[in-house]
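Okay, so here's the structure we're looking at.
The values are calculated or read from the model by the stated rules, or taken from the named source; none is laboratory data. Everything quoted here is computed from the prediction, not taken from an experiment. As a convention, Cβ positions derive from the backbone with ideal geometry for all residues, glycine included, and neighbour counts pool all protein chains shown.
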Amino acid sequence: MGNWKFNIGDGVVANEKAPGDYRGRKGTIVERGPGKSEYTVSTSGKKIFLNSWWLDLREKERRCEHPEKLKGKPEDCTPQQIRECHGDIKEHPCVDKK
């Protein structure tokens, strides 16, 4: 097992080193691999494979605490999904307060 740049659930954005179609895309790390230094990223409800050097951590944004249950973006979660993941809470912890 090697060292990994990102953890499951980290919010990432494709940087200027990424291929043109991917630049600026935001997503969440959902798996490591399939290859060495690659990550499976969930973005806009789709899973894509990106190399680690194409990704930057979204430090200032909240990250999904349960990416394995995520079906889109955290801000699109229904009240039922939020209850199932986090219990009875007033605010969704995976979404920044505005």
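For residues in the stretch 78-94 being surrounded by 10 or more Cβ atoms within 10 Å (Cβ to Cβ) and among the charged types (D, E, K, R), which is farthest from Pro67 (Cα to Cα)?
Step by step, filter the stretch 78-94, then rank; the result is Arg83.
Could you grab me the full set of residues in the stretch 7-26 that are under 18 Å from Lys46 (Cβ atoms) and either touching a Lys or Arg at 6+ places or on another chain (Cβ under 8 Å) or surrounded by 12 or more Cβ atoms within 10 Å (Cβ to Cβ) (or both)?
Selection gives Ile8, Gly9, Asp10, Gly11, Val12, Val13, Ala14, Ala18, Tyr22, Arg23, Arg25, Lys26.
Could you count how many residues in the stretch 50-98 are modelled with pLDDT of 75 or more, among the acidic types (Asp, Glu) and under 26 Å from Asp21 (Cα atoms)?
The qualifying residues number 3.
For (1) within 14 Å of the chain's Cα centre (by Cα); (2) β-branched (Val, Ile, Thr); (3) part of a strand (DSSP E or B), each residue gets a yes or a no:
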| site | (1), (2), (3) |
| --- | --- |
| Phe6 | yes, no, no |
| Gly9 | yes, no, no |
| Val30 | yes, yes, yes |
| Pro34 | no, no, no |
| Thr40 | yes, yes, yes |
| Ile48 | yes, yes, yes |
| Glu68 | yes, no, no |
| Cys85 | no, no, no |
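Mind checking which residues of the stretch 75-95 are in contact with a helix residue (DSSP H, G or I) (Cβ under 9 Å, 6 or more places away or on another chain) and within 16 Å of Thr28 (Cα to Cα)?
Within the stretch 75-95, Cys77, Pro93, Cys94, Val95 qualify.
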